[in-house]
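Q: There's a structure below that I have some questions on.
The values are calculated or read from the model by the stated rules, or taken from the named source; none is laboratory data. Only a predicted model underlies this, so the values are computations on that prediction, with no experimental measurement involved. Using ideal geometry, Cβ is built from the backbone for each residue, glycine included, and neighbour counts are taken over all protein chains shown.
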């Protein structure tokens, strides 16, 4: 029995050492110096322990009384440790209800014209909408005027990477141009192709769901989910104007569609690692462009089936996409205000298509985000503008959540000349999609002890305030010689 137990322990230590080696390799690939150092120490310790047990087994040490005691103690401790970190802890029922589980009071629909982006991008000083808005919200005018005078992100004197940011800014505006081009009404609300007009292709809701998800993934969506649209997440009034359609500004919004197909586009790990530099805003806009491309094609596909569809992307929103993504089962809302997905963490941008095509909604998921974010707080600690709260969730407009201070966040964007993304970079869920991180995310998503353990380990291996990593050479924000 002792002999068999010895082989089992050695096998377990071999698996552990192999896991340590994969983490070390992952850390080297990620260009994480601190993680590489600590990963090397960890692997050396694991390997040393394995060699020691093999030596003890070969020398007959486990046949002695003290050796048998050590072996049995080690085995029992390992079993208890594994069970404690792997067993599924009780599910967060609030998460399994999606956004409904977070509603604790009266929710008022959000007026898009009040959003800091809409106020600073859309309102033209002296225009009738400008006067109408600030007559209604005079407390915002002075701060917004000062922000406009300083200039916003990209191309302004505060840009962190000047004078070598030109190529990255040019690429950023290239992606933004695609979003703009695909945001005209004929693109977001497509008509059926002439060959498809006048007919409706009858599909069961199950088949339609399979087809739209498969099509979206085939053209680049990393994640796709379906939800029935909760009217609370539809903007109350139109606020963003990009094509001189000022007659739409302030217009009440109501959706005529029942379903939303929500897509998440992955943001490249290496590019995000350079936050807050210009390579990260280039990747951000690139993901939005991919989302616009996917949403436009998906809306056209549904229109060609004979149903109404509207593409929702960076330059044409009518709904809050994070709540829709939560209800579509793509992830949970994190402390930093972004959607956190199991595979990519917050390293995603969202797009959607709303439609009357009958579909099968997905169910919200519990991946432990609420519990983990309550423990971790790294995004709030590292936020340069202190815009992310350190305290627990609070009721905001009838919903329980962490409320990002969008005003100070956007002010910092103007200061550095990018969309920052530091919170996204430092989030432990944002690590590369490598085998050791997949295992950690699996453990964290199911077990409360693992959440506490790996939150601490992330600080040890990556630092409490991780530094920016170099961007790929083609996206460097410094001058370089070819």
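Q: For the range 196-219, enumerate the residues that are free of Cβ contacts under 8 Å to residues at least 60 places away in the same chain and under 16 Å from residue 299 (Cα atoms).
A: 197, 210, 211, 213, 214, 217, 218
Q: Now for a different question. When only residues in the range 105-148 that are surrounded by 13 or more Cβ atoms within 10 Å (Cβ to Cβ) and touching a strand residue (DSSP E or B) at 6+ places or on another chain (Cβ under 8 Å) count, which is nearest to residue 402 (Cα to Cα)?
A: Going through the qualifying residues, I end up with 107.
Q: Sort through 198, 239, 250 and tell me the only one that's at positive phi, surrounded by 14 or more Cβ atoms within 10 Å (Cβ to Cβ) and assigned by TED's automatic domain parsing to the domain that holds residue 330.
A: 250
Q: OK, next. I need every pair where a residue in the range 104-120 that is on the phi > 0 side of the Ramachandran plot has its Cβ under 6 Å from the Cβ of a residue that is in a loop (DSSP other than H, G, I, E, B) and surrounded by fewer than 18 Cβ atoms within 10 Å (Cβ to Cβ), sequence separation at least 6 or different chains.
A: none
Q: Is it true that residue 280 is in a helix (DSSP H, G or I) and either in contact with a strand residue (DSSP E or B) (Cβ under 9 Å, 6 or more places away or on another chain) or in contact (Cβ under 8 Å) with a residue 40 or more places away in the chain (or both)?
A: yes
Q: Can you find even one residue in the range 320-335 that is surrounded by fewer than 23 Cβ atoms within 10 Å (Cβ to Cβ) and more than 23 Å from residue 114 (Cα to Cα)?
A: Checked the range 320-335: at least one residue is surrounded by fewer than 23 Cβ atoms within 10 Å (Cβ to Cβ) and more than 23 Å from residue 114 (Cα to Cα).
Q: For the range 232-252, which residues satisfy the criterion of being modelled with pLDDT of 95 or more and part of a loop (DSSP other than H, G, I, E, B)?
A: Result: 235, 236.
Q: Within the range 202-225, is there a residue that is assigned by TED's automatic domain parsing to the domain that holds residue 325, closer than 25 Å to residue 97 by Cα, in a strand (DSSP E or B) and in contact with a helix residue (DSSP H, G or I) (Cβ under 6 Å, 6 or more places away or on another chain)?
A: The answer is yes; a qualifying residue exists.
Q: Can you pull out the residues in the range 75-126 that are assigned to a helix (DSSP H, G or I) and closer than 30 Å to residue 12 by Cα?
A: Scanning the range 75-126 gives 75, 76, 77, 78, 79, 80, 81, 82, 83, 84, 85, 86.
Q: Ok, one more. Quick test for you: out of 194, 190, pick the one residue that is assigned to a loop (DSSP other than H, G, I, E, B) and in contact with a strand residue (DSSP E or B) (Cβ under 8 Å, 6 or more places away or on another chain).
A: 190
Q: Still on this model: Of all residues in the range 347-362, how many are within 23 Å of residue 386 (Cα to Cα) and surrounded by fewer than 24 Cβ atoms within 10 Å (Cβ to Cβ)?
A: Of the residues in that region, 0 qualify.
Q: Which residues, taken from the range 302-319, are surrounded by fewer than 22 Cβ atoms within 10 Å (Cβ to Cβ) and in contact with a helix residue (DSSP H, G or I) (Cβ under 6 Å, 6 or more places away or on another chain)?
A: 315
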